[in-house]
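Heads up: the structure comes next, in structure tokens.
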Amino acid sequence: MPLIIFKSHDGETKEVHAETGTSIMQAAVDNGIDGILGECGGCCSCATCHCYVDPAWVAKVSPADSTEADMLECVLEPKETSRLSCQVTLTDEMDGIIIGMPKSQY
Amino acid sequence: MSEHCIIIGASHAAAQLASSLRQEGWEGKISIVGDEPYMPYHRPPLSKAFFVGEKTEDELLIRAANFYEKNNIDLLLGCRVSRIDRDAKKIILQDDAEIAYTKLAITTGARVRKIPFKGSELAGVFYMRDLNDVKQTHKFTGKGKSAVIIGGGYIGLETAASLRKIGMSVTVIEAMSRVLQRVTAPEVSAFYTRVHTEEGVDIRTDAGVDAITGDQHVDGVRLSDGTTIPADLVIIGVGVIPNIEIAEAAGLTIDNGIAVDEHARTNDHDILAAGDCTNHYNPIYQRKLRLESVQNATDQAKIAAKTICGKLEVYNALPWFWSDQYDLKLQIAGLSQGFDQVIIRGDSESSRSFAAFYLCEGRLIAVDAINRPKEFMTTKRALSTGQTADPIKLADDSIDIKDAFTN
């Protein structure tokens, strides 16, 4: 099971192992990571699972589609590496991935 | 006695409430009692991704199966509560077992409204609220078969889209003069009627149902005008009613739902309630609301958990909703009821991407955004933070939507 390192806006980290094939959002919700909400359950409708993929890992993550990209344009504090974590599916290549989280999802 | 929070009901609000209680530092026992045999699961995919087989049962779970054990949350599933004894502070289960609580949360949700159509007991007639219902429909679905859907609301239309996806012929029967009449503007109803028609659905409005026909198995639906539409499967989606009976029997105040204050407390402050079953005051719209939505279940449950942990916060979230049909992603921010003006941004008559903004006395109150995530996101934030919108800019698709709002 790949390792995900969640990093809160103030630098606190939490390590979580999750099954390959689950989304980063689901891994966060299942492990009580409160910086990620995932209100719509992962259907790319709410943008409350906004995260920052660590630049070193961006190449291992499939790119955002146009709906996700439009939503990301309107989140609080967007960055180049912003993603909706419900749209990022965990693969074996992502073992050790670092996921930053914004201060707020609203 | 040690602290014990019992949560009655095991759906969206319950899962969030239990999880939030731990996050807020609740150290006592937590028990979730639910009458379905399943761990809390996402209901929206029942008419969509789960219905067409794109999501498995495991993928419906709101929290992973081991979440509850890891967080020391007891699940009593397939277990019905028969009553609440407020004086003794305990719940009594159907088998007469008693469990004492120090705090009780009622998250019993809503159940489908059942209309006793003649023939509604026939095999092949379903409602779409519970996992059990939807699992059974699979025996009656299949390419080339026919379905009739009674009710042109969101559930009916989502199910119609799913059934078309698996190659069934679909007719939607709506009693009112347009689909989604209760919740959208005529322009949005016309849009959904057009798209469903383009996708091959036969939509009949102003149509009453006389009877569901068949011997043991459904074979059709007879309309009030005498025409019969053949059907291998009938799905009824005509709304829900809140599950308030257990609260009412316990003497809690009921007012179109279980009445709760801004901290999710009933008139008994050791008993809270959250989600579809509640009626609460919304400060943004300055009126009492009973909402049927995941957002409300989740957000109100968070407030309830804080209250239980002694952190009083006011519930003032903006309602929002979504509905996925075909390639259409509808996102709704705010409540459109009471609108006196609609502004359409984009082309609702021939494209599949536009936004309908709802105004009341010149003030923006809601948006239906179809394949327009930016319009949804900006409006959701504007309504939450009290920004005002310029109606002329809202209507002008050449202007960036962000520029239509001012603080």
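Under 24 Å of direct C-alpha separation, and excluding same-chain neighbours fewer than eight residues apart, B:Lys393 reaches these lysines: B:Lys329, B:Lys374, B:Lys380, B:Lys402.
Per residue, the average separation of C-alpha pairs within less than 8 Å and at least 6 apart gives chain B a relative contact order of 14 percent. The length gained on full extension between B:His138 and B:Lys311, counted as 0.36 nm times the residue separation minus their Cα-Cα distance, comes to 57.7 nm.
Beta bridges from DSSP with both residues in chain B: antiparallel share about 60 percent, rounded to the nearest 5. Looking at the stretch B:86-202, the DSSP beta bridges with both ends there are about 35 percent antiparallel.
With contacts taken as Cα pairs under 8 Å at a separation of at least 6 residues, the stretch A:3-100 carries a relative contact order of 40 percent.
D by Stokes-Einstein for chain A, Kirkwood Rh over Cα pairs, 25 °C, 0.890 mPa s: 185 µm²/s.
Of the residues B:Met128, B:Ile166, B:Val188, the one whose Cα sits farthest toward the positive end of the charge dipole of the stretch B:125-236, with +1 on the Cβ of Lys and Arg and -1 on the Cβ of Asp and Glu, is B:Ile166.
As a proxy for reagent exposure, ranking A:Val75, B:Val218, B:Val260 by other Cβ atoms within 10 Å from fewest up yields A:Val75, B:Val218, B:Val260. Extending 7 Å from Cα along the Cβ direction at A:Leu76 and again at B:Asn72 yields two label points whose distance is 3.2 nm.
Dividing the mean sequence gap of close Cα pairs (under 8 Å, 6+ apart) by how many residues the stretch B:7-71 holds gives a relative contact order of 36 percent. Percent of C-alpha pairs per 10 Å bin in the stretch B:44-116, short distances first: 14, 30, 34, 19, 3.
In debye to the nearest 20, how big a dipole does chain B give about its Cα centre with +1 on each Lys and Arg Cβ and -1 on each Asp and Glu Cβ? For chain B, the charge dipole is close to 360 debye. Among B:Lys55, B:Lys139, B:Lys380, the ranking by other beta carbons within 10 Å of each residue's beta carbon, starting with the fewest, stands as B:Lys139, B:Lys55, B:Lys380. Largest GNM mean-square fluctuation across A:Leu76, A:Leu84, A:Leu37, computed for chain A with C-alpha springs under 10 Å, falls on A:Leu76.
Where does the charge balance sit around B:Val314 when Lys and Arg score +1, Asp and Glu -1, over other residues with C-beta under 15 Å from its C-beta? Result for the local shell: +1.
The calculated FRET efficiency for the pair B:Ala175 and B:Ser398, based on their C-beta separation and a Förster distance of 45 Å, comes to about 0.65.
Using only Cα coordinates, the Kirkwood hydrodynamic radius of the stretch A:4-61 works out to 12.1 Å.
Along the axis of the charge dipole computed for chain B (Cβ charges of +1 for Lys and Arg, -1 for Asp and Glu, origin at the Cα centre), the listed residues B:Ser336, B:Ala297, B:Ala207 are led at the positive end by B:Ala297.
Among B:Met168, A:Met71, sorting on how many other beta-carbon atoms sit within 10 Å of each Cβ, with the fewest leading, yields B:Met168, A:Met71. With kT/(6 pi eta Rh) evaluated at 37 °C and eta = 0.692 mPa s, and Rh the Kirkwood radius from Cα pairs, the stretch B:125-236 diffuses with a coefficient of 234 µm²/s according to Stokes-Einstein.
Counting every alpha-carbon pair across the protein assembly as shown, the share separated by more than 44 Å comes to 14%. Helix-only estimate, please: 222 nm mean residue ellipticity of the protein assembly as shown, summing -39500 (n - 2.57) across DSSP H runs of length 4 or more and dividing by its residues, to the nearest 500. Helices in the protein assembly as shown give a 222 nm mean residue ellipticity of -5500 deg cm²/dmol. What fraction of the Cα pairs in the stretch B:68-172, stated in percent, has a spacing above 19 angstrom? Of all Cα-Cα pairs in the stretch B:68-172, 61 percent lie more than 19 Å apart.
In sequence order, the stretch B:188-194 has phi-based couplings of 6, 4, 4, 4, 5, 5, 4 Hz under the Karplus curve 6.51 cos²θ - 1.76 cosθ + 1.60, θ = phi - 60°, and Gly or Pro positions carry x. Let me check I've understood the local charge: for B:Thr193, count other residues with C-beta under 13 angstrom from its C-beta, Lys and Arg +1, Asp and Glu -1. What total comes out? My count for the surroundings of B:Thr193 gives -4. Net charge in the neighbourhood of B:Asp403 (other residues with Cβ under 11 Å of its Cβ; Lys, Arg +1, Asp, Glu -1) is -1.
For the protein assembly as shown, the antiparallel share of DSSP beta bridges with both residues in that region comes to about 60%.
Applied to the stretch A:51-56, the Karplus parametrisation 6.51 cos²θ - 1.76 cosθ + 1.60 on θ = phi - 60° returns per-residue 3J(HN,Hα) values of 9, 10, 6, 3, x, 5 Hz, with x for Gly and Pro. At q = 0.15, 0.18, 0.24 Å⁻¹ the log10 of I(q)/I(0) for the stretch B:319-407 amounts to -0.48, -0.70, -1.27, computed by Debye summation with a single uniform scatterer per C-alpha, solvent ignored.
Ellipsoid fit via the Cα gyration tensor, chain B: semi-axes of 36, 30, 18 Å, each the root of five times an eigenvalue, largest first.
Any read-out appearing in this document is the output of simple, stated calculations on the displayed coordinates, not a laboratory observation. If you're wondering where the values come from, they're calculated on a predicted model, not measured in any experiment. With ideal geometry, Cβ positions are generated from the backbone for all residues, glycine too; neighbour counts draw on all protein chains shown.
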